[in-house]
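The values are calculated or read from the model by the stated rules, or taken from the named source; none is laboratory data. Only a predicted model underlies this, so the values are computations on that prediction, with no experimental measurement involved. Quick reminder, even Gly has a Cβ in these numbers, built from the backbone with ideal geometry, and neighbours come from all protein chains shown. For accessibility, only protein heavy atoms count, side chains too; no ligands or nucleic acids. Shrake-Rupley method; radii C 1.70, N 1.55, O 1.52, S 1.80 Å.
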Amino acid sequence: MKVIHEIDISGLGGDEASEKKVAAQIREACKTLGFFTIVNHGVSPDLLSQLRKRSNDFFKLTFQEKLQLAPQKWNPENSNVYRGYFPSSVNGKEGYDMGHPSFTPDHPLVGTPYHEVTQLPSEDALPGFKKFVEEYFNALMALGTRILRGFSLALDLPADYLNQQINHANSLSTFRLNYYPNNSKPVAVGDDGAQLCCEMHTDGGLLTILYQPEVGGLEVKVPETGKWEEIPPSNDAFVINTGLFMERWTNGLFYAAYHRVRFSPLERISVPFFFEPDAQTLMKALPSTTEPFKFETLNYEQHLTESNKRFTEYAR
C-alpha cells in the first residue's frame, strides 16, 4: 500500500466536480499523514531547472560573500535579524532565507517584526539572481494560493474562504535554499537510532511546498504505525506538508507530521517554500468546526514567534 499520496492538482480552478475530487484527496492525505506530493502543478520545468542551477550557484559563492547576506547574529553590519544566510556551523546545513519581494525599504511594514528587506547577492556576483528570486517567489505564491483553494474545499468551506482570511500581499512566506554539505558525521540521532542530517521536527506555518531534486533523504513519521517513510526525490513534483498553524486552524483535523532528513555522505540541495499568512491572520475556529476550539486564538506573528523557538537557526 502506498503511504504517500500523489495528487494531480490540475483540477483546481476547473469545474466543480474536478475541484471536489482534488479536495477529497487533500482531506484524506491531511487527516492521515499531513504529507502528499503534487503533480501537474503548473510551475514550468524551465523554472525548476533554473532553481537547481541557481541554488548550486549560490552555495558556490565564497563564505565571505555569503556572510555579507547573513543577519546580525553572524554579520553585525546587517540590520536584519530574521532573513538571510546562515552557516553550516548552526545545525550542519547552510541555508538562505528570502522574504516577499514587495518588502522594499519604503514599505510601511518594513522595520516591524519579520518584515525585512532580503539581502541579495550583487548582480556582479550572481547575474540574474534577483530577477529569478522574484519570479520563483511569485510562482510559488500563486501555487500556494491555488493549493489553499483545495484546502478550503477539503474543509467544507467556500473555495476562496481561507485565501480571503489572508492578505497575501504582506505574506511572511519564506523562500529558502538548503545545502547539506558532504559531512563526515550526522548532526542528530533519531528515535529509532537512525543517523540524521536534519533533526525530527514539524513545520510552523500553513503549508510547506518542498522541491527535493536528485538526492533524497526526507522521511515522514506515519502516525498509525510510528514508522518512518521515505519520500523519494523528484525533479518534477513538489512535496506538500501541513504546518502547525494549519493543524491548529483546523482544530486538529489536519495533521502536522513529524519529518526529518536521514544522514547521507552525499551533497544535497533542498528548497522549501514556507507558504505563510500575513502577520495579522488570526488562528481561530473555522465556520466548519463543530467542536470547541482547542487552541489559543493568536495572530500569525504571535504564533511564529513561539514556533521559531524550536529551531536552532532562529536562535538569534
Taking the Cβ-Cβ separation of Glu28 and Gln302 as r and a Förster radius of 41 Å, what is the calculated FRET efficiency to the nearest 0.05? 0.85
Given unit charges at Cβ for Lys, Arg (+) and Asp, Glu (-), the dipole magnitude of the chain about its Cα centre in debye, nearest 20, is 480
Only Cα pairs within less than 10 Å get springs; with that Gaussian network setup on the chain, which residue of Thr104, Thr112, Thr289 has the largest fluctuation? Thr112
For a protection proxy built on the mean count of beta-carbon atoms within 10 angstrom, sort 10-21, 209-220 highest first, please. 209-220, 10-21
Of the candidates Ala29, Ala194, Ala257, which one comes out as most mobile in a Gaussian network treatment of the chain with C-alpha springs shorter than 10 Å? Ala194
Along the Cα→Cβ direction, 7 angstrom out, place labels at Lys53 and Asn183. What is the inter-label distance in nm? 3.0
Taking a temperature of 10 °C and a viscosity of 1.306 mPa s, what whole-number D in µm²/s does Stokes-Einstein yield for segment 8-116 with Rh from Kirkwood over alpha carbon pairs? 90
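As a test, work out the antiparallel percent of DSSP beta bridges whose residues both lie in the chain, rounded to the nearest 5. Present the calculation step by step, with values, prior to reporting the outcome.
Details: 39 of 44 bridges.
The answer is about 90 percent antiparallel.
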Quick one: Cα centre-to-centre distance for segment 66-120 and segment 32-55, in angstrom? 24
Under a cut-off of 14 Å between alpha-carbon atoms, report the aspartates and glutamates in cross-link reach of Lys131, not counting same-chain residues fewer than 8 places apart. Glu123
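In the structure shown, do any of Lys185/Lys309; Lys31/Lys221; Lys73/Lys93; Lys66/Lys93; Lys31/Lys294 have a Cα-Cα gap over 23 Å, and if so which?
Working: Lys185/Lys309 25 Å; Lys31/Lys221 14 Å; Lys73/Lys93 17 Å; Lys66/Lys93 14 Å; Lys31/Lys294 17 Å.
Going by Cα-Cα distance, Lys185/Lys309 fall outside the 23 Å limit.
Classify segment 212-272 as rounded, prolate or oblate from the Cα gyration tensor: take a ≥ b ≥ c as the square roots of its eigenvalues, call it rounded if a/c is under 1.5, otherwise prolate when a/b beats b/c and oblate if not.
Numbers: a/c = 2.60, a/b = 1.71, b/c = 1.52.
The shape class here is prolate.
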Estimate the FRET efficiency between Asn235 and Leu109 by the formula 1/(1 + (r/R0)^6), using the beta-carbon distance for r and 35 Å for R0, to the nearest 0.05. 0.45
Quick calc, Gln72 & Asn40: beta-carbon distance into FRET formula, R0 45 Å, rounding 0.05, result 0.60
Report which label in [x] 53, 48, 39; [y] 64, 52, 47; [z] 72, 40, 36 holds the value of Cα extents along the principal axes in Å derived from the coordinates of this structure. [x]
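I'd like the Kirkwood hydrodynamic radius of segment 223-316, using the inverse of the mean 1/r over distinct C-alpha pairs, in Å.
Every distinct Cα pair counted, the radius reaches 16.0 Å.
Which percent, nearest 5, of DSSP beta bridges in segment 1-125 are antiparallel? Numbers along the way, then the final one.
Details: 3 of 8 bridges.
Close to 40 percent.
Assign unit charges at the C-beta atoms only (+1 for Lys and Arg, -1 for Asp and Glu), then state the dipole size of segment 176-316 relative to its Cα centre in Debye, rounded to the nearest 20. Could you put the intermediate results ahead of the total?
Numbers: 13 positive and 19 negative charges, 55 e Å.
In debye, rounded to 20, segment 176-316 gives about 260.
Hey, what's segment 44-172 come to in accessible area per residue, 1.4 Å probe, Å²?
Numbers: 5710 Å² over 129 residues.
Per-residue accessible area for segment 44-172 comes out at 44 Å².
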Which of Ile38, Ile240, Ile26 moves the most in a Gaussian network model of the chain with Cα springs under 10 Å? Ile38
Could you pull the Cα extents of segment 108-202 along its three principal axes, largest to smallest, in whole Å? 49, 45, 26
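Given the -39500 (n - 2.57) contribution per DSSP H run of 4+ residues, what per-residue ellipticity at 222 nm results for the chain, rounded to the nearest 500 deg cm²/dmol? Mind dumping the intermediate values first?
On the way: 7 runs with 82 residues, N = 316.
Helices in the chain give a 222 nm mean residue ellipticity of -8000 deg cm²/dmol.
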